[in-house]
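*Asks:* Supplied in structure tokens, the structure appears directly below.
Quick note: the coordinates plus some simple rules give every number you see, no bench work behind them. Remember, it's a predicted structure, so these values are computed and weren't measured experimentally. Every residue, glycine among them, receives a Cβ derived from its backbone with ideal geometry; neighbour counts consider all protein chains shown.
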């Protein structure tokens, strides 16, 4: 969530420019940071109630800038290929 400022536009408006951390994976308390960003934007709901919205709004392009997501995506692709090979779907 903290990697994609555009994901916040649904809640905060299209002109919102939340001060996202420059290295989201190094944020010591991302839940606290998310809560602060929402509060600064005038949102009073608990961040946990907005996870689905963020999950739908965060762009894959933004996630792909994160090393952890890059590893996850690579591992997922490898796992899918391994399953496909074991089923004879790939040569």
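*Asks:* Go through (1) part of a helix (DSSP H, G or I); (2) more than 13 Å from the chain's Cα centre (by Cα) one by one and return the number of the condition residue 34 breaks.
*Replies:* Of the numbered conditions (1) part of a helix (DSSP H, G or I); (2) more than 13 Å from the chain's Cα centre (by Cα), the odd one out for residue 34 is (2).
*Asks:* Before we move on, is residue 90 touching a helix residue (DSSP H, G or I) at 6+ places or on another chain (Cβ under 7 Å), surrounded by 10 or more Cβ atoms within 10 Å (Cβ to Cβ) and outside any helix (DSSP H, G or I)?
*Replies:* Taking the combined requirement at face value, the residue satisfies it.
Let's see how each residue does on (1) assigned to a loop (DSSP other than H, G, I, E, B); (2) touching a residue at least 12 places away in the same chain (Cβ under 8 Å):
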{"position": "14", "(1), (2)": "yes, no"}
{"position": "18", "(1), (2)": "yes, yes"}
{"position": "44", "(1), (2)": "yes, no"}
{"position": "70", "(1), (2)": "no, no"}
{"position": "77", "(1), (2)": "no, no"}
{"position": "83", "(1), (2)": "no, no"}
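*Asks:* Now for a different question. Among (1) surrounded by 11 or more Cβ atoms within 10 Å (Cβ to Cβ); (2) free of Cβ contacts under 8 Å to residues at least 40 places away in the same chain; (3) under 30 Å from residue 89 (Cα atoms), which single condition is residue 63 missing?
*Replies:* Only one criterion in (1) surrounded by 11 or more Cβ atoms within 10 Å (Cβ to Cβ); (2) free of Cβ contacts under 8 Å to residues at least 40 places away in the same chain; (3) under 30 Å from residue 89 (Cα atoms) is unmet by residue 63, namely (2).
*Asks:* Now, a different point. Tell me which residues, restricted to the range 20-30, are within 10 Å of residue 1 (Cα to Cα) and part of a helix (DSSP H, G or I).
*Replies:* 24, 30
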